[in-house]
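Just below is one structure, and these are the notes that go with it.
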2 protein chains.
Amino acid sequence: MNIVRLLLILFLFGSAEAGKLLVVPSDGSHWLGMKPIVEELGRRGNQVVVVIPEASLSMGPSEHTTTLTYPVPYTKAELEGNIAEELDTILSIDMTSDLAKFQGFLFSLNILQTLTVRSTESLLFNEDLIKKLKDFNFDAILTDPFEPMGFDALLTDPFLPCGTIIAHKFSLPTVYFLRGIPCRLDEAAAKCPSPPSFVPRFFTGYSDKMSFAQRINNMILTTVEPFLCQTMFAIFDELGSRYLKKDTTYKELLSHGAIWLLRYDFTFEYPKPIMPNIVQIGGINCAKRDPLSKELEEFVNGSGEHGFVVFTLGSMVSQLPEAKARVFFEAFKQIPQRVLWRYTGPVPEDAPKNVKLMKWLPQNDLLGHPKVKAFITHGGSHGIYEGICNGVPMVMLPLFGDQGDNAQRLVSRGVAESLSIYDLSTEKLLVALKKVITDKSYKEKMTKLSAVHRDRPIEPLDLAVFWTEFVMRHKGAEHLRPAAHELNWIQYHSLDVIGFLLLILVTVIFVTVKSCMFCFRKCFRKTQKKKKE
Amino acid sequence: MNIVRLLLILFLFGSAEAGKLLVVPSDGSHWLGMKPIVEELGRRGNQVVVVIPEASLSMGPSEHTTTLTYPVPYTKAELEGNIAEELDTILSIDMTSDLAKFQGFLFSLNILQTLTVRSTESLLFNEDLIKKLKDFNFDAILTDPFEPMGFDALLTDPFLPCGTIIAHKFSLPTVYFLRGIPCRLDEAAAKCPSPPSFVPRFFTGYSDKMSFAQRINNMILTTVEPFLCQTMFAIFDELGSRYLKKDTTYKELLSHGAIWLLRYDFTFEYPKPIMPNIVQIGGINCAKRDPLSKELEEFVNGSGEHGFVVFTLGSMVSQLPEAKARVFFEAFKQIPQRVLWRYTGPVPEDAPKNVKLMKWLPQNDLLGHPKVKAFITHGGSHGIYEGICNGVPMVMLPLFGDQGDNAQRLVSRGVAESLSIYDLSTEKLLVALKKVITDKSYKEKMTKLSAVHRDRPIEPLDLAVFWTEFVMRHKGAEHLRPAAHELNWIQYHSLDVIGFLLLILVTVIFVTVKSCMFCFRKCFRKTQKKKKE
């Protein structure tokens, strides 16, 4: 990116009515989710500048936008190598027990700490780039503040706090694009109430209808969360404070967000309170569908009345340990459906004929095919929405992060079966697959859920574009910012008021009781005196 | 309405794809707000049946709908006579003091009790009509569950609970159309959190930024509200229980609402938590604007550079006590603007020439005229939105109900001045009028507020129509119903869980302390023994 081109852009767009937007995206599937918004904003005449690292997994130039890159202290190959290594570790741990979950949590914390500091510094402390960006005089920033709900983000997106920190550096109103932040930091930052009595916490696997024991656990987790988060976000807090040269926390920085574009809706998430500046754009990723290639079309059409099954474990897991892979091959051998599997690992000699292995799958296009019968997925929110949009029952194999909770949400709606990949057997997989394919209730419920999801007054992409442009036009969304931001935790929960009222109540009771006792004693003494007399 | 026509309608629409909707509206300005939705729904091919009393103030047939009427034990003239009488009483009380506000509250309670029972019975216990309605086999019901925020509703709409009760009788999903219910019964029924630390209660006149003392008052009111409401809604509870032959409350009946169409947005209301099934349609009433009549156009154009002022006190107040009216005439005499005043009372001989008195004003059309300078209004939500839509600074004269709070909201945004009509003087009115007309900040802030209000991804009318049709298509909006509805008050607030955890904590502390003391005593005794030995 040379200065001449930059100046040309500034000249061409600088005086235009349309807005100027800085985009700091995340890698992996999150970039795929954000890309259509960014391109549409560019197409509509806004000047959109996307800042990405030189080495990344899936990020690259997008249409109608300007892409600026910055050097990072690693190559793409190293990144991919790292991921493969870490995945092996993750897949070898049974994540179903609470202890393992906690280990996984610590493990991700470790990755985060290792990668974040050196990577964010590549961007934040790249003075030339920051100066260039400053000169653009942007109207707003669109960024992904944290996306560790699938573990992939933890591995590939150590730049997560960059967008938020730059927004403060440049005093820009911010539009966030995310699924959620662990420990509900997003809700805390947006001052969104989240009653623990019917809003299950992440990693609990609870539904919104909890037993007394579950509500106790949920409450304990709610109390512990802020402390867990403090450790987790300490590096972000330190980085923000150091860079902005003021004592701050990541939560405090996040709380200035103008609009929160949340990648869910209530066909997937349990209904819960929201705030005026929370905009739901669940299903934004499944708008675009292309026709299948001739080869794929022939394969799936050849499946006859039995149809076919789509099997992927997310954008990053295309291999499995050999023993684990065998479980799947054995199961697929015994079903009449054809199977399309995104898999690049070793293939056994007796691999069944009905299975087509591919390096990459056009997932949404396949799920939209009339012959598709089921979707085997790890339960990332992107895949889930592609399943919901197209009304395909699922077999879920949650691996990490929010995936267990995601699976639980669909199981509770009767549209999916969930299995643990760690103690998976051919039999278990067969039972689950047959169930979602032959038991009509799964398809019926999924069709209804899909109809409700797609029946909306405005498409999620249009909504995301509208609110981003709104923030550019009005330099924020001040009218949607609750006064709660000016209260501390004690004031927000009215604890000072309750304490004061209790103090008055206790004082009144104390004075009353004392007065009564005093009167009583007086009377009693008089009676005694009289008696003595 | 004869049976043949009914059968014809059933034959024509019975099998159509479009939905069948029962509408039970409210009178006065609320009907004017709901009418465009109802007509649009009819125009789109839905079968819309509107049920209204034979005698009403403003309700009548609407386009593309079927209107059914039922007899009531009073005439339109009696209704209007009643209102004039009650208004005199209301206008003679100074509503600014807290005591007066409470008197006003009791007073409205009284009207409510007198009118409600005999009027609702005219509809609910009209067996022929109810049977006819039943035979329509509706998909949903659209109704105004309570609209006492302006006192007019209390006087004219005693049928308020009818729609909700009929919905239960027919087991129909319900769409509510309202501004709010006193004591926040709507929020309680929708299980919407409303933290008293930044959500001011009605009738307090507080903003969302409260002092410690104000937060104490707000908290006390929050505690007292449910008890106040219990008295207020006891007649509705009794009526519902008697009619549905089961023990129920109005709140319980309301809580089954599928969608809440709320006639506000956050350019007017303070930002606060909302629930997924709350849809904001503030400003729905100012979409339609017609050109002015030739006479009016000439009058306002003749105002020259000074422009003109619009003055109305709501759809029901067209007269004022003579002394009060004189204050206005005197003030208007001293301003260079022309004035359009909806007034039917006695006119003094020396009435100023710049004032045009009219029986009825095309309020929204006038407020949209480029020469309009200010809007003098009582602060009903309809008028306020017409002011906001058209960006006109206001002088507010709140009379009753929510109007004081409404005025406060606009004053806190710097787009209006508020005066008490009870101790109004010509000077005070002149000062306020000059301020909003000549101090440019009012117009500037109002223009910004108006721009933000009108900048929305979808028009409120389309949103209202969409969600009503959604409820018809899917027989409700189950996916937006929070699990909180299955919790009682103690469970919702996790008081049982907190109690249990405290009990454990106390037990643990008690046992620990006792054990320590026991050990300590043992050791102490041994030491003593040794010493003795």
(request) Read through the list (1) farther than 30 Å from A:Arg456 by Cα; (2) away from every other protein chain (no Cβ under 13 Å), then give the number of the only condition that A:Met219 fails. (result) (2)
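Quick one: which residue in B:Phe227, B:Phe308 is over 30 Å from B:Leu361 (Cβ atoms) and not β-branched (Val, Ile, Thr)?
Working: B:Phe308 fails: over 30 Å from B:Leu361 (Cβ atoms).
So the residue among B:Phe227, B:Phe308 that is over 30 Å from B:Leu361 (Cβ atoms) and not β-branched (Val, Ile, Thr) is B:Phe227.
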(request) Evaluate region A:438-445: report whether one residue or more is assigned to a loop (DSSP other than H, G, I, E, B), more than 10 Å from chain B (Cβ to nearest Cβ), among the charged types (D, E, K, R) and surrounded by fewer than 19 Cβ atoms within 10 Å (Cβ to Cβ). (result) yes
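Could you please let me know if B:Ser29 is open to solvent by less than 30 Å² (accessible area, probe 1.4 Å), modelled with pLDDT under 80, in contact with a His (Cβ under 6 Å, 6 or more places away or on another chain) and in the same structural domain as B:Phe470 (by TED's automatic domain parsing)?
On the way: open to solvent by less than 30 Å² (accessible area, probe 1.4 Å): yes; modelled with pLDDT under 80: yes; in contact with a His (Cβ under 6 Å, 6 or more places away or on another chain): yes; in the same structural domain as B:Phe470 (by TED's automatic domain parsing): yes.
So B:Ser29 fits the description; yes.
Quick one: in region B:173-214, which of the residues that are in a helix (DSSP H, G or I) and under 17 Å from B:Pro273 (Cβ atoms) is farthest from the other protein chains (Cβ to nearest Cβ)? Steps first, answer last, please.
At the first step, the residues of region B:173-214 found to be in a helix (DSSP H, G or I) are B:182-190, B:212-214.
Right, trim to under 17 Å from B:Pro273 (Cβ atoms) and you get B:184-190.
Details: B:Arg184: 14, B:Leu185: 18, B:Asp186: 15, B:Glu187: 11, B:Ala188: 14, B:Ala189: 15, B:Ala190: 10 Å.
Checking each candidate, the answer is B:Leu185.
Let's see how each residue does on (1) within 11 Å of chain A (Cβ to nearest Cβ); (2) closer than 30 Å to A:Asn218 by Cα:
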{"position": "B:Ile421", "(1), (2)": "no, no"}
{"position": "B:Thr426", "(1), (2)": "no, no"}
{"position": "B:Arg456", "(1), (2)": "yes, no"}
{"position": "B:Glu486", "(1), (2)": "yes, yes"}
{"position": "B:Val497", "(1), (2)": "yes, yes"}
{"position": "B:Leu501", "(1), (2)": "yes, yes"}
(request) Would you please list the contacts, defined by Cβ atoms under 7 Å and residues six or more apart or on different chains, that run from a residue in region A:322-337 that is closer than 14 Å to A:Leu424 by Cα to a residue that is among the small types (Gly, Ala, Ser) and open to solvent by less than 60 Å² (accessible area, probe 1.4 Å)? (result) A:Ala325/A:Gly345; A:Val327/A:Ser425; A:Phe329/A:Ala351
(request) Mind listing whichever residues of region B:474-484 are part of a helix (DSSP H, G or I) and either at the interface with chain A (Cβ under 7 Å from one of its Cβ atoms) or modelled with pLDDT under 95 (or both)? (result) B:His474, B:His479, B:Leu480, B:Ala483, B:Ala484
(request) Name every residue in region B:185-210 that is small (Gly, Ala, Ser) and in contact (Cβ under 8 Å) with a residue 24 or more places away in the chain, in order of residue number. (result) B:Ala188, B:Ala189, B:Ala190, B:Ser194, B:Gly205, B:Ser207
(message) Just the residues that are more than 7 Å from every other protein chain (Cβ to nearest Cβ) and not in a helix (DSSP H, G or I), please, taken from region B:458-467.
(response) B:Glu459
(request) Can you tell me which residue within region A:486-533, out of those that are assigned to a helix (DSSP H, G or I) and among the hydroxyl-bearing types (Ser, Thr, Tyr), is modelled with the lowest pLDDT? (result) A:Thr527
(message) Taking the condition of being in contact with a Phe, Trp or Tyr (Cβ under 6 Å, 6 or more places away or on another chain) and closer than 28 Å to A:Leu261 by Cβ, how many residues in region A:426-454 meet it?
(response) 0
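Can you tell me how many residues in region B:347-371 are assigned to a loop (DSSP other than H, G, I, E, B) and more than 24 Å from B:Gly28 (Cα to Cα)?
11
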(request) Answer with yes or no whether B:Ala167 is assigned to a helix (DSSP H, G or I), within 14 Å of chain A (Cβ to nearest Cβ) and within 22 Å of B:Trp467 (Cα to Cα). (result) no
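Considering only region B:461-471, how many residues are open to solvent by 10 Å² or more (accessible area, probe 1.4 Å) and in contact (Cβ under 8 Å) with a residue 12 or more places away in the chain? Outline the logic, then answer.
First pass over region B:461-471, keeping only residues open to solvent by 10 Å² or more (accessible area, probe 1.4 Å): B:461-463, B:466-467, B:469.
Restricting the remaining residues to those that are in contact (Cβ under 8 Å) with a residue 12 or more places away in the chain gives B:461, B:463, B:467, B:469.
Of the residues in region B:461-471, 4 are open to solvent by 10 Å² or more (accessible area, probe 1.4 Å) and in contact (Cβ under 8 Å) with a residue 12 or more places away in the chain.
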(request) Name the residue, out of A:Leu487, A:Leu480, that is open to solvent by less than 50 Å² (accessible area, probe 1.4 Å) and either of a type in the set (Phe, Trp, Tyr) or in contact (Cβ under 8 Å) with a residue 40 or more places away in the chain (or both). (result) A:Leu480
(request) Enumerate the pairs (first residue in region A:226-252 and within 21 Å of A:Ala190 (Cβ to Cβ) and part of a loop (DSSP other than H, G, I, E, B); second residue anywhere and open to solvent by 10 Å² or more (accessible area, probe 1.4 Å) and not hydroxyl-bearing (Ser, Thr, Tyr)) with beta-carbon separation below 7 Å, excluding pairs fewer than 6 apart on the same chain, so at least 6 apart or on different chains. (result) A:Thr249/A:Asp237
(request) Kindly indicate the residue of region B:223-253 that is open to solvent by 30 Å² or more (accessible area, probe 1.4 Å) and among the polar types (S, T, N, Q) and also farthest from the other protein chains (Cβ to nearest Cβ) among those meeting that condition. (result) B:Thr231
(message) Can you say whether A:Val279 is crowded, with 20+ Cβ neighbours inside 10 Å, in a strand (DSSP E or B) and within 14 Å of chain B (Cβ to nearest Cβ), as far as the supplied structure shows?
(response) yes
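If a residue has to be more than 8 Å from chain B (Cβ to nearest Cβ) and open to solvent by 10 Å² or more (accessible area, probe 1.4 Å) to count, how many in region A:265-276 make the cut? Quick ask: steps written out before the conclusion?
Quick first cut of region A:265-276, residues more than 8 Å from chain B (Cβ to nearest Cβ) only: A:265, A:268-269.
Now drop any that are not open to solvent by 10 Å² or more (accessible area, probe 1.4 Å), which leaves A:265.
Looking only at that region, the number is 1.
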(request) Give the residue that is farthest from B:Ala351 (Cα to Cα), with candidates limited to residues of region B:298-324 that are at pLDDT 90 or above, open to solvent by less than 60 Å² (accessible area, probe 1.4 Å) and not in a loop (DSSP other than H, G, I, E, B). (result) B:Gly304
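The values are calculated or read from the model by the stated rules, or taken from the named source; none is laboratory data. Quantities reported herein were computed from a predicted structural model and do not represent experimental measurements. Positions of Cβ are generated from backbone atoms using ideal geometry, with glycine treated the same way; all protein chains shown enter the neighbour counts. Accessible surface areas use protein heavy atoms only, side chains included; no ligands, DNA or RNA. Shrake-Rupley method; radii C 1.70, N 1.55, O 1.52, S 1.80 Å.
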